[in-house]
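Every number here is computed from the coordinates shown, using simple stated rules; none is lab data. If you're wondering where the values come from, they're calculated on a predicted model, not measured in any experiment. Glycine gets a Cβ as well: all are built from the backbone with ideal geometry, and neighbour counts include every protein chain shown.
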Amino acid sequence: MAHPPAADRSSRPTEASPGIPEPILLGMYRNIYATRRFELRCIELYRQGMIRGYLHPYLGEEAVAAGACAALRPQDYIASTHRGHGHCISKGADLRLMMAEITGKATGYCKGRGGSMHISSKQLNHLGANGIVGGGIPIATGAGMGIKVQQTDQVVIAFFSDGASNNGVFAESLNLAGIYQLPVIYLLENNHYAVSTPIECATGCCDLAGRGPAYGVPGICVDGNDAREVYRETLQAVARARRGEGPTLIEASTYRHGGHHVNDPGLYMNPETLAAWKDRDPLVLMRRALGDEAKIRAIEEQVEAELEAAVTFAAESPEPSVAEFLAGIQD
Amino acid sequence: MTDIMYREALRRALDEEMQRDPLVFIMGETIAERGGSYKVTEGLVKKYGPRRVVDTPIAEASFTGMAVGAALVGCRPVVEILFIDFAMLVMDQIVNQAAKYEFISGGQGKVPMVLRTQGGAGNGLAAQHSQSLEALFYHIPGLKVVMPATPHDACGLLKAAIRDDDPVIFIEHKLLYMTQGPIPDDEYVIPLGKADIKKPGRDATIITYSYMTLKCLEAAAALESEGISVEVVDLRTLTPLDKETILASVRRTGRAMVVHEACKRGGVGGDIAAMLMEEAYDDLDGPVVRVAGKNTPVPYNVRIEQACVPSVEDIVEGVLRML
């Protein structure tokens, strides 16, 4: 299957970063790097038996979350997916609490009850990752409705995938958001695979952004490996939403650097296509755009320290108490 | 006290709660201008406007999911699913999302939403508009299930459901909307999880809920004239289940029967019967009896439709079998 890298489908210049303030650029790089390193560390911990269950790395897609969340204010909401670590990190999560959750500890965001697929944070206005593909789309839409009822100027980003875009709730929600002009940005991360099914085999029309206008919702296609482009388009969509001008569908074209989850080698992925996408690695693109080696190194050192502290925190944290858990169950 | 219809009682609850709390809003199909298929929401859009009384397209899964999201960001949404049969379209959002959120998030977030819907046979609406599906929701930890039988209970319980911080499945019965009953003129709330002894009695306990409460009361009246005194316990709320009231009644009478319209197989009655076996075996003078709907889809023709659901005669017969 041919999945040309995003740049080949985008007419925008990717090397320059006109108009984006340096703190935003550095922040996006920090989140891309932190996500990359976090995921690689999680895979190590999984192999060592510290993490059980499913683990769906966001490797290769980091720029989507980093770019989109950079366009938000802290009080804005996100809803995430089973491949959600990047969204969580880019929304400002504490790596210690994330790692504790993923290793099932009582100190984690969800007290060890959720794990990798279910991290949420009330404090961050992160409505949660979701184990059901597409499950977060109506919830994000409803958060938009809640904002409308409460008449604040918050916005919501619903992160979901090309796989979820073929679920009924995507069509319903896009339609609903169009009717009520809800402040929701539908961020479709097109990584070109639903588990192992290529997008061409899952739809008769691969123009996923084009589904927006069908419901009266603007649809935009961006290079999902370039955080700057994701940021620019999200920023515009967010501004429209805050002005009461309704939802936007953004299709960010990107690619997984591996299989569906940690135990899926992704042998169905064409090695040449994968190599072409890796040539446009979001981490490398962002590093190149920044240029300032000293600042890059400072960010990376900071992230490495945070990450090691997170692993230590998780390792030293207590397991949830079985007695406490059982005592909380109502008959 | 004033006599009002069940649907008016529901409307009064919605109206009072919307008046009281600006975070309460309602969504559903044709509920605004048209006032809902059963006229429960009539007039509310005029009073509260289209921002809080929202007509939706026929997209049950997503507008129910929207209630979950709106609840998470601070609102108290009430969604109306026209028929409980259509609630089968929203099971992911109810079972996997609403019921799980507080638990999965480690208690960070609550989902204070109400899903109002109605079920039951009796109007010739056939198999896809006549089901009694409460057992599906009863089975799911994280949900509360409320099934009021009278206008008084409908109003007080709907208010409690809206104020509750957990997702509540509020199931009405299509044959109840036009029934009348007295309700207090002053505002009142009925706490969830409290059964109501609708008729006290000595010889046997009937445990029931929703529309079947009316049938059981008829049966009890008929038996009373023959000198048999039956206690009718209306559960009102299935989850949380008021075991205390059930057990106290059964310990008094020594005989228990569960009556519901839903299919007998896998029904709530089986669970209550098992609970009585576990917790009141020594107090029982005989086996617990179930009088319930037949294990069949509901047919269209009125004669065979009526054959599906318990009649007053079935209930009387069930009691006589116990004695």
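What Kirkwood Rh does chain A have if only Cα atoms enter the pairwise 1/r average? Answer in Å.
After inverting the pairwise mean of 1/r, the radius is 19.9 Å.
In vacuo Debye scattering of the protein assembly as shown, one point per C-alpha: log10 I(q)/I(0) at q = 0.08, 0.09, 0.10 Å⁻¹?
Scattering profile of the protein assembly as shown, log10 relative to I(0): -0.65, -0.78, -0.92.
How far is helix B:60-72 tilted, in degrees, relative to the longest principal axis of the Cα atoms in chain B, given as a value from 0 to 90 rounded to the nearest 10?
80
Quote the charge dipole size of chain A about the Cα centre in Debye, to the nearest 20; the model charges only the Cβ of Lys and Arg (+1) and of Asp and Glu (-1).
Result for chain A is approximately 500 debye, rounded to the nearest 20.
In terms of modelled amide H atoms, which long-range or inter-chain residues lie less than 5 Å from the amide H of B:Met27?
B:Val54, B:Val78, B:Val79, B:Glu80
Mind pulling up the Rg/Rh value for the range B:196-322? Radius of gyration and Kirkwood radius, both on Cα.
Across the range B:196-322, the Cα-based Rg/Rh ratio is 0.95.
Can you tell me how the range A:228-326 classifies by the Cα gyration tensor, rounded, prolate or oblate, using a/c under 1.5 as the rounded cut? Don't skip to the answer; put the middle values down first.
Values: a/c = 1.42, a/b = 1.28, b/c = 1.11.
Note, shape of the range A:228-326 comes out rounded.
In the structure shown, do any of B:Lys46/B:Lys174; B:Lys110/B:Lys144; B:Lys215/B:Lys243; B:Lys39/B:Lys144 have a Cα-Cα gap over 20 Å, and if so which?
B:Lys46/B:Lys174; B:Lys215/B:Lys243; B:Lys39/B:Lys144
Looking at the range B:91-200, which GluC sites (Glu not before Pro) are in a loop (DSSP not H, G, I, E or B) and have at most 12 other Cβ atoms within 10 Å?
B:Glu187
Tell me which lysines have Cα within less than 26 Å of A:Lys295's Cα, excluding those fewer than 8 residues away on the same chain?
Cross-link targets: A:Lys91, A:Lys278.
Inside 10 Å of the C-beta atoms of A:120-130, what's the mean count of C-beta atoms belonging to other chains?
The per-residue average across the peptide is 4.
Other chains' Cβ within 10 Å of B:170-181 residues: what's the mean?
0
Collect residues whose amide H, placed 1.01 Å from N in the peptide plane, falls under 5 Å from the amide H of A:Gly266; neighbours closer than 5 in sequence don't count.
Correct list: A:Gly259, A:His260.
Report, in deg cm²/dmol and to the nearest 500, the calculated mean residue ellipticity at 222 nm for chain A, where each DSSP H run with n ≥ 4 adds -39500 (n - 2.57) and the sum is divided by the residue count.
Value at 222 nm, helices only: -13500 deg cm²/dmol.
For the range B:202-256 and the range B:1-75, what is the separation of their Cα centres, given in Å?
33
Between A:Thr312, A:Gln75, A:Thr107, whose Cα lies farthest towards the positive end of the dipole of the protein assembly as shown when Lys and Arg beta carbons carry +1 and Asp and Glu beta carbons carry -1, centred on the Cα centre?
It is A:Gln75, whose Cα lies furthest towards the positive end.
What does the C-alpha gyration tensor say about the overall shape of the range B:119-164? Classify as rounded when a/c is under 1.5, otherwise prolate if a/b is larger than b/c, or oblate.
oblate
Between the helical axis of B:243-253 and the dominant principal axis of chain B, each derived from Cα atoms, what acute angle in degrees is found, rounded to the nearest 10?
20
Taking a ≥ b ≥ c as the square roots of the eigenvalues of the Cα gyration tensor of the range A:1-134, is the shape rounded (a/c under 1.5), prolate (a/b larger than b/c) or oblate? Could the numbers behind the result be given before it?
On the way: a/c = 1.96, a/b = 1.50, b/c = 1.31.
Judged from the Cα gyration tensor, the range A:1-134 comes out prolate (a/c at least 1.5, a/b above b/c).
When every alpha-carbon pair in the range A:284-328 is counted, what percent end up more than 14 Å apart?
Looking at the range A:284-328, the distances longer than 14 Å represent 68 percent of pairs.
Just to be sure I understand the rule: take each whole DSSP H helix in chain A, project its Cα atoms onto its long axis, keep it if the span is 15 Å or more and its mean Kyte-Doolittle hydropathy is at least 0.5. Which ones pass?
Numbers: long enough: A:22-47 (38 Å, -0.21); A:136-150 (21 Å, 0.79); A:168-180 (18 Å, 0.98); A:227-242 (22 Å, -0.69); A:293-316 (34 Å, -0.02).
Passing helices, by number: A:136-150, A:168-180.
Please report how far the C-alpha centroid of the range A:78-96 lies from that of the range B:124-151, rounded to the nearest whole angstrom.
Value for the Cα centre distance between the two parts: 37 Å.
Treating only the Cβ atoms of Lys and Arg (+1) and Asp and Glu (-1) as charged, compute the dipole magnitude of the protein assembly as shown about its Cα centre; round to the nearest 20 debye.
700
Putting +1 on Lys and Arg Cβ atoms and -1 on Asp and Glu Cβ atoms, find which of B:Val319, B:Ala292, B:Cys308 reaches farthest to the positive end of the dipole of the range B:229-323.
B:Cys308
Using only Cα atoms, what is the ratio of the radius of gyration of chain B to 2.2 N^0.38 Å?
So chain B has a normalised radius of gyration of 0.98.
Between the helical axis of B:312-322 and the dominant principal axis of chain B, each derived from Cα atoms, what acute angle in degrees is found, rounded to the nearest 10?
Between the helix axis and the principal axis of chain B, the angle is about 50 degrees.
Find, among the GluC sites (Glu not before Pro) in the range A:225-331, those assigned to loop by DSSP (not H, G, I, E, B) with at most 15 other beta-carbon atoms within 10 angstrom.
A:Glu245
For A:Lys148, which aspartates and glutamates qualify as cross-link partners when the Cα separation must be under 18 Å and same-chain residues fewer than eight apart are set aside?
List returned: A:Asp76, A:Glu245, B:Asp21, B:Asp55.
If you place +1 on the Cβ of every Lys and Arg and -1 on the Cβ of every Asp and Glu, how big does the dipole about the Cα centre of the range B:157-220 come out, in debye to the nearest 20?
320
Could you tell me the distance between the Cα centroids of the range A:118-197 and the range A:201-242, to the nearest Å?
13
Report the one residue of B:Phe137, B:Ala154, B:Met113 whose Cα lies farthest in the direction of the positive end of the charge dipole of the range B:95-165 (charges on C-beta: Lys and Arg +1, Asp and Glu -1; origin at the Cα centre).
B:Met113
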